[in-house]
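Student: Here's a structure for you.
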Amino acid sequence: MAQKREKEETELKLDKGPEIADPAANQPIRACLASERPDLVVPSQPRHTAAAGEVKRRGVNRCSGCRRKVGLTGFRCRCGDLFCSEHRYSDRHDCSFDYKAAGREAIARENPVVRPAKILKV
């Protein structure tokens with residue numbers, strides 16, 4: 001008897017389906033997700049193939065200074081280039097990043113100007 005009741009309850013729960021609220025109408029909408037099949041969805045834009053001439057290249061893992069393969073051990077500089085362990089420092093390669101200006105901006109941002117309150121003279 002108890003098994004029959006549990007079976008009926010689970011069947012009723014499955015038949016209801018999920019409720020999705022419609023913000024425009026402020027009324028719940030019943031949606032049946034079992035009828036939707038994501039594998040049958042047709043893409044809106046056609047996919048490009050390699051025969052079309054577009055070839056995607058993976059990111060090149062070579063040092064910008066000596067062109068040596070760095071793999072996973074490469075160091076990304078603030079100038080945006082990838083370098084090996086020998087050329088990773090800014091003085092070892094021709095770095096275009098302005099460290100002085102970045103330091104000035106960081107100090108100005110972290111240390112606001114402190115001024116005393118103005119005193120009214122009578």
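The values are calculated or read from the model by the stated rules, or taken from the named source; none is laboratory data. Computed from a predicted model, the values in this text were never measured in an experiment. Every residue, glycine among them, receives a Cβ derived from its backbone with ideal geometry; neighbour counts consider all protein chains shown.
Student: What residue, among those in the range 70-122 that are hydroxyl-bearing (Ser, Thr, Tyr) and in a helix (DSSP H, G or I), is farthest from Val60 (Cα to Cα)?
Tutor: Tyr99
Student: List pairs: first in the range 60-73 and of a type outside the set (S, T, N, Q), second part of a strand (DSSP E or B) and surrounded by 16 or more Cβ atoms within 10 Å (Cβ to Cβ), Cβ under 7 Å, 6+ apart or cross-chain?
Tutor: Cys63/Leu82; Cys63/Phe83; Gly65/Phe83; Arg68/Arg62; Lys69/Arg62; Val70/Arg62; Val70/Leu82
Student: Kindly establish whether Glu110 is modelled with pLDDT of 90 or more, exposed (fewer than 10 other Cβ atoms within 10 Å of the Cβ) and acidic (Asp, Glu).
Tutor: Yes.
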